[in-house]
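The values are calculated or read from the model by the stated rules, or taken from the named source; none is laboratory data. As the structure is a prediction and not an experimental result, all values here were calculated from the model. Positions of Cβ are generated from backbone atoms using ideal geometry, with glycine treated the same way; all protein chains shown enter the neighbour counts.
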Amino acid sequence: MDDDRVKYVFRFTKSEIYEILSHLRLDQLQWTQRVRPEPLMTLCILLRRLAYPIRYGD
């Protein structure tokens, strides 16, 4: 995705998402049922869910 689309969907730019990701250390979490999703995908799913209901453009 280009930066404009990423900013619209997740409310952050790509560089901001990577910066947030480095601070959260999601790769060190213990997941249930032996599931280990990629940290970037986990953060993007969370950001998308938090950004979805309150958007003027939707």
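Here are a few things to note about the model shown:
- Of all residue pairs spaced 6 or more apart or on separate chains, those with beta-carbon atoms under 9 Å, a first member in region 20-36 that is farther than 17 Å from Leu47 by Cβ and a second member that is modelled with pLDDT under 85 and assigned to a helix (DSSP H, G or I) are Arg36/Asp27.
- Given (1) in contact with a helix residue (DSSP H, G or I) (Cβ under 7 Å, 6 or more places away or on another chain); (2) of a type in the set (Lys, Arg); (3) at pLDDT below 90, number of the condition Arg34 does not satisfy: (1)
Here's the yes/no breakdown for (1) touching a His at 6+ places or on another chain (Cβ under 9 Å); (2) part of a helix (DSSP H, G or I); (3) surrounded by 13 or more Cβ atoms within 10 Å (Cβ to Cβ):
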residue	(1), (2), (3)
Met1	no, no, no
Asp4	no, yes, no
Phe12	no, no, yes
Ile17	no, yes, yes
Ser22	no, yes, no
Asp27	no, yes, no
Gln33	no, yes, no
Arg36	no, no, no
Thr42	no, yes, yes
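- Residue in region 49-56 that is in a helix (DSSP H, G or I), surrounded by 13 or more Cβ atoms within 10 Å (Cβ to Cβ) and at pLDDT 90 or above present: no
- Where a residue in region 45-58 is under 14 Å from Lys7 (Cα atoms) and its partner, wherever it lies, is of a type outside the set (Ser, Thr, Tyr) and modelled with pLDDT under 65, with Cβ under 9 Å and at least six apart: Tyr52/Asp58
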